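Undergrad: Dropping the structure in here first, questions after.
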Amino acid sequence: MMLLDAILDCFRRRALKKYASDRPTAIMPVRDVRTAIAFIDVEDPSFDACKAALQAFFRENGIKGDIFFFDFRKIGKEERLITSIQTTILRRDLNFFGKPRQEKVNLLLGTDADLFISLIRGTDFPIEFMAKCSRARFKIGRQQLPGDTFDMVVSEPADKVFSQEEVFAGVRNYLKHIGQ
């Protein structure tokens, strides 16, 4: 198992070296944000409410925002996808070491967003890859990734787990106070 992990790490490092953005990032006021991209997990019970809260935030602040979804559930033949196939990253969209398909990566890179928000819990490679590849000037996440990818981390206390909607409410609150 250690050999397999080493091989996967090698492929992951190589992919990050090839695709990672070299654009400097920093905390910036919302008034300077024109475009944004957010990632949410469909498996979180607050997924719909979180999506609505993100859309409302984008509208209120005049931000052109895109929302990407991670949906790694096993979906049966009779089940239907509840999000747009274009902006949803499914388990089958990942290669053997966890990199999303090139078309999904190109969609992310094509947005050239000012703000990147990850409400995904955890530090699995798919979200690490997308966060590090994004050319956003301000990156927000729930857990810091290796290399200090996020400029702002809104984490929960060790004894409590918050929904994505609750975490975004905290992000929104912090963003209100930045640049005042």
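The values are calculated or read from the model by the stated rules, or taken from the named source; none is laboratory data. Computed from a prediction, not measured in an experiment: that's the story for all the values here. As a convention, Cβ positions derive from the backbone with ideal geometry for all residues, glycine included, and neighbour counts pool all protein chains shown. The area values use the complete protein model at the heavy-atom level, side chains included, leaving out ligands, DNA and RNA. Shrake-Rupley method; radii C 1.70, N 1.55, O 1.52, S 1.80 Å.
Undergrad: Give me a comma-separated list of calculated 3J(HN,Hα) values for region 83-93, in order, Karplus coefficients 6.51, -1.76, 1.60 applied at θ = phi - 60°, integers in Hz, x for any Gly or Pro.
TA: 10, 5, 5, 5, 9, 10, 9, 9, 4, 6, 7
Undergrad: Moving to a separate point now. So what is the accessible area of region 37-180 per residue, in Å², with the probe set to 1.4 Å? Mind showing how you got there, number by number?
TA: Working: 7270 Å² over 144 residues.
Value for region 37-180: 50 Å² per residue.
Undergrad: Roughly speaking, what is the stretch gain from residue 161 to residue 22, that is 0.36 nm per residue apart minus the C-alpha to C-alpha distance, in nm to one decimal?
TA: Values: separation 139, 0.36 × 139 = 50.04 nm, distance 3.27 nm.
Using 0.36 nm per residue and subtracting the Cα-Cα distance, I get 46.8 nm.
Undergrad: How long is the gain from residue 72 to residue 143 if the chain were fully straight, where each residue apart is worth 0.36 nm and the alpha carbon distance is subtracted? Could the numbers behind the result be given before it?
TA: Working: separation 71, 0.36 × 71 = 25.56 nm, distance 1.92 nm.
Extending this stretch completely gives an extra 23.6 nm.
Undergrad: Can you flag which of 18/64; 18/160; 104/160; 17/176 are past 30 Å Cα-Cα?
TA: Where the Cα-Cα span goes over 30 Å, the pairs concerned are 18/160; 104/160; 17/176.
Undergrad: If one takes the longest principal axis of the Cα atoms in the chain, at what angle in degrees, from 0 to 90 and to the nearest 10, does the Cα axis of helix 164-177 lie?
TA: Roughly 40 degrees between the two axes.
Undergrad: Here is a follow-up. Can you list the residues, at least 5 places off or on another chain, whose amide H is less than 5 Å from the amide H of residue 117, using H built in the peptide plane?
TA: 37, 38, 39, 140
Undergrad: OK, next. According to a simple spin-label model (label point 7 Å from Cα along Cα-to-Cβ), what is the distance in nm between residue 64 and residue 173?
TA: 3.2
Undergrad: What angle do you read, to the nearest 10 degrees and between 0 and 90, between the alpha-carbon axis of helix 47-60 and the longest principal axis of the chain?
TA: 50
Undergrad: Run the quick spin-label model on residue 87 and residue 52: label points 7 Å from Cα toward the beta carbon, then report their separation in nm to one decimal.
TA: Output for this residue pair reads 1.6 nm.
Undergrad: With a 1.4 Å probe and every protein chain left in place, tell me how much accessible area residue 10 has, in Å² to the nearest 10.
TA: Counting only protein heavy atoms, residue 10 exposes about 60 Å² to solvent.
Undergrad: Rg and Dmax of region 39-180, using alpha carbons, in Å: what are they?
TA: My reading of the Cα-based Rg and Dmax gives 14.8, 51 Å.
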